[in-house]
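The values are calculated or read from the model by the stated rules, or taken from the named source; none is laboratory data. Since we're looking at a predicted model, the values are computed, not measured. Please note: Cβ atoms are built from the backbone with ideal geometry, for glycine as well, and neighbour counts cover all protein chains shown.
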Amino acid sequence: MVTAIVTDAIEISRLDGIPGVNIAWVPDLIYVNNRFERGLVLFCDSLGRILALQRVDGTKLPEDGKSHNVALPGLVLTTRFVHLRGRALMPGLVNAHSHAFQRVIRGRTEYRSTSSRDSFWTWREMMYSAAARLTPEDIYDASQMAFLEMTLSGITAVGEFHYLHHSEQCTPYEDPNLLAKQVIRAARDVGIRIALLNVAYARSGFQTPLNERQARFIEPDPQKFLRRVDDLQKYLPQEDELCPRSAWAGVAPHSVRAVPLPYLREVSDFAAERHLPLHMHVAEQPAEVAACVAEYGRTPIALLADEGLLNPRFTGVHAIHVTPDEIASLSTARACACACPTTERNLGDGIIPADEMFKASVRIALGSDSHTQIDLLEDARALEYHLRLQKLERNVLAPPSVMEDSGSGTKADEKDAVESADFSALAARLFECATVNGASSINSPGGELAVGRPVDFFTVDLQDPSIAGANADDLLPAVLFSLARTAVRDVVIGGRLVVEEGRHSAGAEIVEHFAALQRKLWGKNHG
């Protein structure tokens, strides 16, 4: 983790009437170096990068909106001050796994189907029925709705696992990346950063006939797929050292069942050559694991490990039905796992063994996946809560305490432990999953507040009933375990105010267009 550099007090002189190109954000508290601190100002340059986190103890600060000359170490800046009174400022959340178009089926799958036992596989057929009917403009509207919800909850970057490629007639578009570009356009218009993880999908499964509802996803030729990724990379702005990027590409072989091994090797080699993130669904369902064993004699992660396809750029999405040896393989490769707890409980997938992964030093990122809920803090707390229900104990993912390490356990020791407890240790671990680990997974420039990083943050209202009364010591666990989304007030991405006072400037229009889409898909009474 990068440690933020907090420098000494600043010098300010008056420059009324001179417009500032830099901004100083002045909240009550800033979360930096794994704790909340008072008396800090975050300075942002005109390119949306963090210039400094500066102490201002005892310094009389300019009024809100006024431009002043500010002396920082080595430079003098014309700066506009923005006061965020009664608020705490936190690094933006990073959503590492999203299927934006699935936002259209929220509320449409919560009933018993004709199957004797509903499962992920019956849900999947319902999802396919929606995917088959979406036009390019529909995908734009659905993606805007998903991304709007993300920004309103403090998410500043998303990894979009994008597998809708062809037309509604299942034929290629003249521009094979048309739908990917619609998703990227939606992200740009909302203001969120996006890693477009282009999905390779070659077949319906091992010795499985083609499911016609998957025909919009499938590209059986790996070279055609890789040319499409290459074209998308050329379309996106090239990385600029001076300006943090807002959109970039990655690759995502859908799963072992959908991508045979030779195809998978080609995609993995391509990703390695270009240093791209590579994401893949692994071990989400027992049936998927069984199918992999039937084809290869090995489970998905064992197969990937044996073939040398696990590495620090690899993220295994879900990774629920895994063995201790497979967890060790992820750890050895320094690969990441991405848990999607709100989707996984909605689909009845199972519970990721996060406790064993943490013990093995496997990084865990978080994703909202099918968007039954879009609330990454809920995913973070669910990572812990699901294990509490499973194991009938509390604080399962908390780091070991000093007393626990020492083996002592007298009443006096317990009293001392309570008085010296780090109330934020568990919350900090979960928050890292929602920020630093997510950024690492999708190769986002954000994830934490540090000099040179992009100015991606959200603020919470310290007077919101869900966290009112919390102080600097217990605010983080209050946020992680109790925050209501209504407490998120401002969201800044790349120095730009995307959400202000809990509202997005385009929010009403986005919701209106999405409601019209839902009426078109599901009938006039919907929306």
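Applying the selection to the stretch 285-316, what residues are outside any helix (DSSP H, G or I) and at pLDDT below 95? Within the stretch 285-316, just 285 meets the criteria. Can you find a residue in the stretch 389-407 that is within 23 Å of residue 447 (Cβ to Cβ), modelled with pLDDT under 95 and assigned to a loop (DSSP other than H, G, I, E, B)? Yes - at least one qualifying residue is present in the stretch 389-407. The number of residues in the stretch 441-477 being of a type in the set (Gly, Ala, Ser), buried (at least 24 other Cβ atoms within 10 Å of the Cβ) and more than 12 Å from residue 431 (Cβ to Cβ) comes to 3. Report yes if residue 271 is surrounded by 15 or more Cβ atoms within 10 Å (Cβ to Cβ), part of a strand (DSSP E or B), of a type in the set (A, V, I, L, M, F, W, C) and in contact with a strand residue (DSSP E or B) (Cβ under 9 Å, 6 or more places away or on another chain), otherwise no. Criteria not met by residue 271. Looking across the stretch 343-399, the residues that are charged (D, E, K, R), surrounded by fewer than 18 Cβ atoms within 10 Å (Cβ to Cβ) and within 23 Å of residue 329 (Cβ to Cβ) come down to 355, 356, 359. Out of the stretch 468-499, which residues are under 15 Å from residue 153 (Cβ atoms) and free of Cβ contacts under 8 Å to residues at least 60 places away in the same chain? Passing the criteria: 482, 484, 486, 487. None of 220, 237, 209 is exposed (fewer than 15 other Cβ atoms within 10 Å of the Cβ) and under 23 Å from the mean Cα position of the chain (by Cα) except 237. Residue 452 passes every criterion in (1) small (Gly, Ala, Ser); (2) part of a loop (DSSP other than H, G, I, E, B); (3) free of Cβ contacts under 8 Å to residues at least 40 places away in the same chain apart from (3). Can you confirm whether residue 185 is closer than 30 Å to residue 494 by Cα and of a type in the set (Lys, Arg)? Judged against the criteria, residue 185 is a match.
When restricted to residues that are out of contact with any Ser or Thr (no Cβ under 6 Å at 6 or more places or on another chain) and in a loop (DSSP other than H, G, I, E, B), the stretch 480-509 contains 6. In the stretch 305-317 there is no residue matching the filter, namely being more than 24 Å from the chain's Cα centre (by Cα), more than 25 Å from residue 221 (Cα to Cα) and not charged (D, E, K, R). In the stretch 117-204, counting only helices (runs of 4 or more DSSP H) that sit wholly within it, the ones holding 2 or more residues that are within 13 Å of residue 247 (Cα to Cα) span 178-190. For a quick check of your reading of the model, give me the residue pairs whose first member lies in the stretch 350-371 and is closer than 24 Å to residue 444 by Cα, whose second is surrounded by fewer than 21 Cβ atoms within 10 Å (Cβ to Cβ) and among the basic types (Lys, Arg), with beta-carbon atoms closer than 7 Å and at least 6 apart or on different chains. Listed by first residue and then by second, the contacts come to 371/106.
Selection within the stretch 102-116: residues that are surrounded by 15 or more Cβ atoms within 10 Å (Cβ to Cβ) and under 21 Å from residue 147 (Cβ atoms). The member of this set that is modelled with the lowest pLDDT is 108.
Please specify each residue of the stretch 317-374 satisfying the condition of being in a strand (DSSP E or B), within 18 Å of residue 432 (Cβ to Cβ) and not hydrophobic (A, V, I, L, M, F, W, C).
The answer is 363, and nothing else.
Exactly one residue among 76, 70 is surrounded by fewer than 20 Cβ atoms within 10 Å (Cβ to Cβ), more than 16 Å from residue 29 (Cα to Cα) and at pLDDT below 90, and that residue is 76. Which pairs have Cβ atoms under 8 Å, sit 6 or more apart or on different chains, and link a residue in the stretch 513-524 that is of a type in the set (Gly, Ala, Ser) to one that is surrounded by 16 or more Cβ atoms within 10 Å (Cβ to Cβ)? Final answer for the pair search is 516/141. When we screen 81, 43, 36 for residues that are surrounded by 15 or more Cβ atoms within 10 Å (Cβ to Cβ), part of a strand (DSSP E or B) and free of Cβ contacts under 8 Å to residues at least 40 places away in the same chain, the only hit is 43.
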